[in-house]
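Enquirer: One structure coming up, written as structure tokens, with questions to follow.
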Amino acid sequence: MRNVFVFGLGFLALFPAVDAVAQQTGRQAAVLTLEDPETRLDALFAELKRAQNENAAKRISSRIVKQWSLSGSANIDLLMQWAQKAMEADKTDVALDLLDQVVTLAPDYAEGWNRRATLHFMKQDYAKAMADIGHVLELEPRHFGALAGMAEILREDDRKEAALRAYQRLLDIYPMMREAQTELGKLADELAGQGI
């Protein structure tokens, strides 16, 4: 990987104007921008918004989820793997203990909060799920999984207008999510029938 960066810096030297900009902002910053996880996510979200069909959108969303799963810590990754295995084995208490450790050790890791929110949702502890979703959306406002969970909880709680807004927000980020389109349509019909 280092050789690629060295080659990139040599390539910049071939273009004096680009090289001058690189020197002003710092050569590494100019070259490494494409490797920055946030820049990569921004590009993926732009692709997701432009996706013309459901299958393309699903492929892009899978890449986003994969990017979100990168914690940057081998310990956190291991705890997440153990939690996933515990969830798959219906050992929810073990999974919860592991995810509690994840959010304590890595409070800025949105996917730890999201996984714990999912577990709370599975246990039908909607108050705790919503609290964790709040953390997820604070760290990553574009987290379509958390928004989908929020919308579903709001709907379950018969807060239809709030659920409608959550689905609208979700579809603004991920326009081709069919389930959200369907649920939004149902809610709009229900609310129109109530005369909002």
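The values are calculated or read from the model by the stated rules, or taken from the named source; none is laboratory data. Not measured: the values here are computed from a predicted model. We place every Cβ from the backbone using ideal geometry, glycine too, and count neighbours over all the protein chains shown.
Enquirer: With (1) modelled with pLDDT of 50 or more; (2) of a type in the set (D, E); (3) part of a helix (DSSP H, G or I) as the list, and D90 as the residue in question, which single condition is left unmet?
Expert: (3)
Enquirer: Are any of the residues in the range 179-186 closer than 20 Å to L44 by Cα and under 15 Å from the mean Cα position of the chain (by Cα)?
Expert: Just the residues of the range 179-186 that are closer than 20 Å to L44 by Cα, to begin with: 180.
From the residues that got through so far, the ones that are under 15 Å from the mean Cα position of the chain (by Cα) too are none.
Within the range 179-186, none of the residues are closer than 20 Å to L44 by Cα and under 15 Å from the mean Cα position of the chain (by Cα).
Enquirer: For the range 137-155, check the following and say yes or no: at least one residue is more than 22 Å from Y109 (Cβ to Cβ) and either of a type in the set (K, R) or more than 20 Å from the chain's Cα centre (by Cα) (or both).
Expert: Scanning the range 137-155 turns up at least one residue that is more than 22 Å from Y109 (Cβ to Cβ) and either of a type in the set (K, R) or more than 20 Å from the chain's Cα centre (by Cα) (or both).
Enquirer: Would you confirm, using the coordinates I've provided, whether A188 is surrounded by 15 or more Cβ atoms within 10 Å (Cβ to Cβ), among the small types (G, A, S) and either under 19 Å from W68 (Cα atoms) or in contact with a Lys or Arg (Cβ under 7 Å, 6 or more places away or on another chain) (or both)? First the steps, then the outcome.
Expert: On the way: surrounded by 15 or more Cβ atoms within 10 Å (Cβ to Cβ): yes; among the small types (G, A, S): yes; either under 19 Å from W68 (Cα atoms) or in contact with a Lys or Arg (Cβ under 7 Å, 6 or more places away or on another chain) (or both): no.
No.
Enquirer: Among the residues of the range 155-196, which ones are in a helix (DSSP H, G or I), of a type in the set (A, V, I, L, M, F, W, C) and closer than 28 Å to N53 by Cβ? Steps first, answer last, please.
Expert: To start, the set of residues in the range 155-196 that are in a helix (DSSP H, G or I) comprises 155-156, 160-173, 178-194.
Pick out the ones that are also of a type in the set (A, V, I, L, M, F, W, C) and you get 162-164, 166, 170-171, 173, 180, 184, 187-188, 191-192.
A163, L164, A166, L170, L171, I173, A180, L184, L187, A188, listed by residue number.
Enquirer: Sticking with this structure for a sec: Here are N55, N3, N75: which of them is part of a helix (DSSP H, G or I), at pLDDT 50 or above and more than 30 Å from I173 (Cβ to Cβ)? Walk me through how you get there before you give the answer.
Expert: Details: N55 fails: more than 30 Å from I173 (Cβ to Cβ); N3 fails: at pLDDT 50 or above.
Within the list N55, N3, N75, the selection yields N75.
Enquirer: Something else about it: Given the options E111, E47, name the one that is among the acidic types (D, E), within 21 Å of A148 (Cα to Cα) and surrounded by fewer than 19 Cβ atoms within 10 Å (Cβ to Cβ). I'd like the intermediate steps shown before the answer.
Expert: On the way: E111 fails: surrounded by fewer than 19 Cβ atoms within 10 Å (Cβ to Cβ).
Only one candidate qualifies: E47.
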